[in-house]
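Below: one structure, written as structure tokens.
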Amino acid sequence: MYSSKLTSITNNFQRVAKLSLLIGGLLLTTYSWSAPNSVSSKTYKELTSIQEMISANQTDQAFTALKTLHSEVEKDSLDEALVLQMLGYTEMGRNNYQQAIDHLKRSLALNRLPENVKYNVGYMVAQLYAAQEKYDEALVFAEEWFKTLEAPTPDQAIFMANIFAQTGKYKQAIPYAKQAIESGKEPRESWYQLLIACNFELKDYPQAAEALKGALIKWPAKADYWEQLASVYVLMDNEIKGLATLQLAWKAGVLEKENSIRSMVQLAVTHGIPEHGARLLDSALQKDALPRDKTYIDLLANAWLAARENTPAITAFEELAQLTKEGDPYLRIANIYIEKAEWKKAEAALRKALDMKLEEPGKAWLILGIAMTEQTRFDQGMDAFKKARAFAYTEKQASSWLKYAEDLRRQHNWITRNQS
């Protein structure tokens, strides 16, 4: 019923790459030249020069210089780790994500980078895998990286939620999505959408309802959330709440989708308040929120009929007959009059029905025969029964009524003669 809308993981890797390169350059200045793992003076100068190339958008020249520098630095050293790290960031800037991953993983494998840098590089690797939709690999790096964060930001938490969701681990994704929403000053709509989608995937409809209500507090004008919340209540077998939700949206002027308005009316009709449903539908038709076509006029007529509001029901059936150019709506009108024993009006409706296309004309002739018989117009009634008898589906009933009408006529004639 519901297709989940999992938030896509999109990042501007070129911007991230440039920022990471700048951070990498600043980190160079923090290393002590006397420390065992310090970067060499030559490598430091070369990397600083390469950063200037990158700042001038000379990415290809920077890449060539880095490749040359990598061939010159001491193997398994901090120098090599930093060069590989910058090679990875440079490849990110060139949109060569797989090559960037290879360089960054090699940098990590040397185990020379400071811890805070190491885990930021791991985060970059996770993002790069995610960009290529390699979510299982992304998750391996992201989980280790997230454990090192003392105070994760909402963006970092939602990144984890996205990765878990993309690997089908919706239950594990939910706590991260909630963490992002609860800790963010201005939670993004996509975060709520991810939380809602995960709960739908797990068929945890009560929690999906809670997430939808949270989204509605932030974005009350979004019709989709009202409609989804109503659908959740229906899935939870609480159709009254579903109806109430749609009604609130309708009163707020938010409900616009044709199928949602139709659902609102149908829920009202099927839950014992058809008059309310009919009035809602009539209002929607008056506002042009729904097309005044066969489907909705038929629904309107039947809603009024279910509410035992015969006058507006008859009006709607008459409109339906004009729309469809068919006689069946007049047959429905005739039945309304027959229930009230208004035989003359029933006759008029039946004759209109018979002048138009009918799905089962035999039924119209049968009912017309009854209406004429009840008016003691036996000859016309018997003629109608004979016509109804020509149809297989009314033959048996028509024959019985014909015999009954003949008996009534004889009885009526005998009484009339004796009275005179």
Next on the checklist: Straight-line reach from LYS340: which lysines fall under 20 Å, measuring Cα to Cα and dropping same-chain residues less than 8 apart?
Outcome noted: LYS352, LYS363
Checklist outcome for this item: When the charge dipole of the chain is computed with +1 at the Cβ of Lys and Arg and -1 at the Cβ of Asp and Glu, the Cα pointing farthest to the positive end, of PHE164, TYR225, GLN85, is that of TYR225
Next on the checklist: Per 0.36 nm of contour for each residue apart, how much would the distance between GLU115 and LYS386 grow if the chain were fully extended, relative to their Cα-Cα spacing?
Outcome noted: 87.7 nm
Item to check | Calculated [θ] (222 nm, deg cm²/dmol) that DSSP helices of n ≥ 4 give over the chain, each run adding -39,500 (n - 2.57) | outcome: -24000 deg cm²/dmol
Next on the checklist: Residue by residue through the stretch 376-381, what is 3J(HN,Hα) from phi via Karplus (6.51 cos²θ - 1.76 cosθ + 1.60, θ = phi - 60°)? Round to whole Hz and write x for glycine and proline.
Outcome noted: 6, 9, 5, 4, 5, x
Checklist entry - For the residue pair GLU74 and SER400, what label-to-label distance in nm results when each label sits 7 Å from Cα along the Cα-to-beta-carbon direction? => result 10.8 nm
Checklist entry - Quick one: LEU290, LEU281, fewest Cβ neighbours within 10 Å first, how do they rank? => result LEU290, LEU281
Item to check | For the stretch 339-420, projected area of the alpha-carbon convex hull averaged over all directions, nm² | outcome: 5.7 nm²
Checklist outcome for this item: Karplus-derived 3J(HN,Hα) from phi for the stretch 393-406 (6.51 cos²θ - 1.76 cosθ + 1.60, θ = phi - 60°), whole Hz, x at Gly and Pro, runs 6, 10, 4, 5, 5, 4, 5, 5, 5, 4, 5, 5, 5, 5
Next on the checklist: Can you list residues from other chains, or at least 5 along the same chain, whose modelled amide H is less than 5 Å from the amide H of GLU309?
Outcome noted: none
Checklist outcome for this item: Output for the stretch 304-407: trypsin sites (Lys or Arg not before Pro) sitting in coil per DSSP, at most 12 other Cβ within 10 Å, listed by number, reads ARG308, LYS325, LYS340
Checklist entry - Charges only on Cβ, +1 for Lys and Arg, -1 for Asp and Glu: so what's the dipole of the stretch 35-138 about the Cα centre, in debye to the nearest 20? => result 100 debye
Checklist entry - For the chain, the longest stretch holding no GluC sites (Glu not before Pro) located in a DSSP loop with at most 14 other Cβ atoms within 10 Å is which? => result 151-255
Checklist entry - Among the trypsin sites (Lys or Arg not before Pro) within the stretch 63-139, which fall in a DSSP loop and have no more than 13 other Cβ atoms within 10 Å of their own Cβ? => result LYS75
Item to check | Cα-Cα over 20 Å, subset of LYS169/LYS203; LYS213/LYS241; LYS171/LYS241; LYS118/LYS169; LYS213/LYS251; LYS105/LYS171 | outcome: LYS171/LYS241; LYS118/LYS169; LYS105/LYS171
Next on the checklist: Could you work out the pair-distance distribution P(r) of the stretch 307-360 from its alpha-carbon pairs, with 10 angstrom bin width and percents rounded to whole numbers?
Outcome noted: 28, 56, 15
Checklist entry - So what's the gap between the Cα centers of the stretch 234-267 and the stretch 369-412, to the nearest angstrom? => result 48 Å
Item to check | Cross-link pairs beyond the 20 Å C-alpha cut-off, checked among LYS222/LYS257; LYS345/LYS396; LYS325/LYS396; LYS147/LYS185; LYS222/LYS294 | outcome: LYS345/LYS396; LYS325/LYS396; LYS147/LYS185; LYS222/LYS294
Checklist entry - Relative to the Cα centre, what is the charge dipole magnitude of the stretch 278-345, using +1 at the beta carbon of each Lys and Arg, -1 at the beta carbon of each Asp and Glu, and rounding to the nearest 20 debye? => result 140 debye
Checklist outcome for this item: In order over the stretch 320-328: 3J(HN,Hα) from phi, Karplus 6.51/-1.76/1.60, θ = phi - 60°, whole Hz, x for each Gly or Pro, gives 5, 4, 5, 5, 8, 6, 10, x, 4
Next on the checklist: As an exercise, take the mean of 1/r over every pair of distinct alpha carbons in the stretch 155-308, invert it, and state the Kirkwood radius in angstroms.
Outcome noted: 16.8 Å
Checklist entry - If you take the charge dipole of the stretch 150-214 about its Cα centre, with +1 on Lys and Arg Cβ and -1 on Asp and Glu Cβ, which of PRO154, ILE181, ALA208 is farthest toward its positive end? => result ALA208
Next on the checklist: Checking the cross-link filter: which aspartates and glutamates have an alpha carbon closer than 19 Å to that of LYS178, excluding same-chain neighbours under 8 positions apart?
Outcome noted: GLU143, GLU150, ASP155, GLU186, GLU189, GLU201, ASP204, GLU210
Checklist entry - What percent of all Cα-Cα pairs in the chain falls in each 10 Å bin, counting up from 0? => result 4, 16, 16, 13, 11, 10, 9, 7, 6, 5, 3, 1, 0, 0
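Laboratory data are not the source of any read-out in this text; all were calculated from the coordinates shown. Not measured: the values here are computed from a predicted model. Positions of Cβ are backbone-derived with ideal geometry, glycine not excepted, and every protein chain shown enters the neighbour counts.
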